[in-house]
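Below is one structure, written out as structure tokens; the observations come after it.
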Amino acid sequence: MQVSSVLLFFVGGEIVDLVLQTGPVAKSVLLLLLAFSVLSWAVILSKWRLIRRAREQSGRFIRGFRKAQRLQDIASSAEQFRPSPLIGVFEGALEEFKRQMGTTGGIHNLGAIQRAMQVASSEEITRLERNVPWLAITGAVTPFIGLFGTVWGIIDAFHGLGTAGAATLRAVAPGISEALITTAAGLAAAIPAVIAYNLIIGSIREMATRNDDFILEMLNLVEHQQAPSLPEARR
């Protein structure tokens, strides 16, 4: 255990030394990669908390919705499930429902209620997707930024060898190892961003599907509650 701790300390110290010994271009590349990494991790953590809460509240809201018999019963308790995207969909339907009830005293256009819910669902999914493209940008761009720093460092190392006139492995190895630090940093920034992007997008697509299912359930509830007011019921 002590040997491994010493080894980790030594390797970490070596990496810090390599970073400190890099040129101004490599340091600029590393700072840029660090900024990408910090921002991407901020997005990852915030979206993870948001999606976790939205999933939990959606499950609770659906259970309450399926037990309710009237829209008024659901509306009175909907606010406590606010992080769920289903609340926005429900409120879109409720607003259109009240508008039609206030105008004609009954529901005459289920299509308008469906469209209102679809618009609200799109807005909720857009809210969940906000800042997620940053992860895709980080995953796509940072490896190339790191590669640029490596290529620049290798060019600089070989230029120094040509000037010094000593083309030995001992002479070229330090410069190349310093240059490769930027590639490693680029991959370290890109890999978590790519993994998180795919997981987050998958979770958002799952919520979009749940929204679509909820729209159908909501239409059924409205149709059953206001069946006498619908044209189909009068025939």
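The string of couplings for region 85-96 from the Karplus curve (6.51, -1.76, 1.60, θ = phi - 60°) is x, 5, 5, x, 5, 5, 5, x, 5, 5, 5, 5 Hz, one whole number per residue in order, with x for Gly and Pro. Within straight-line reach of Lys98, meaning a Cα separation under 27 Å, sit the following lysines at least 8 residues removed in sequence or on another chain: Lys67. For region 146-152, the Karplus equation 6.51 cos²θ - 1.76 cosθ + 1.60, evaluated at θ = phi - 60°, returns couplings of x, 5, 4, x, 5, 4, 4 Hz by residue, with Gly and Pro reported as x.
For region 23-234, a/c is not less than 1.5, where a ≥ b ≥ c are the root eigenvalues of the C-alpha gyration tensor, and a/b tops b/c. That puts it in the prolate class. Available extension along the chain between Asn109 and Ile195 is 26.6 nm, counting 0.36 nm per residue and deducting the alpha carbon span. Here the label points at Glu206 and Ala68, each 7 Å from Cα along the C-beta direction, are separated by 2.5 nm in the simple model.
Tell me, what is the FRET efficiency for Ala184 and Ala136 to the nearest 0.05, using R0 = 22 angstrom and their Cβ-Cβ distance as r? For R0 = 22 Å, the calculated efficiency reads 0.55.
Note on Lys47: aspartates and glutamates with a C-alpha under 15 Å away, same-chain residues under 8 apart excluded, are Glu56, Glu124, Glu129, Glu206.
Round to the nearest 0.05 the FRET efficiency obtained for Ser77 and Glu56 when R0 = 22 Å and r is the Cβ-Cβ distance.
0.90
A short reminder: the numbers here are calculations on the coordinates, not readings from a lab. Please read all numbers here as calculations on a predicted model, not as lab measurements. As a convention, Cβ positions derive from the backbone with ideal geometry for all residues, glycine included, and neighbour counts pool all protein chains shown.
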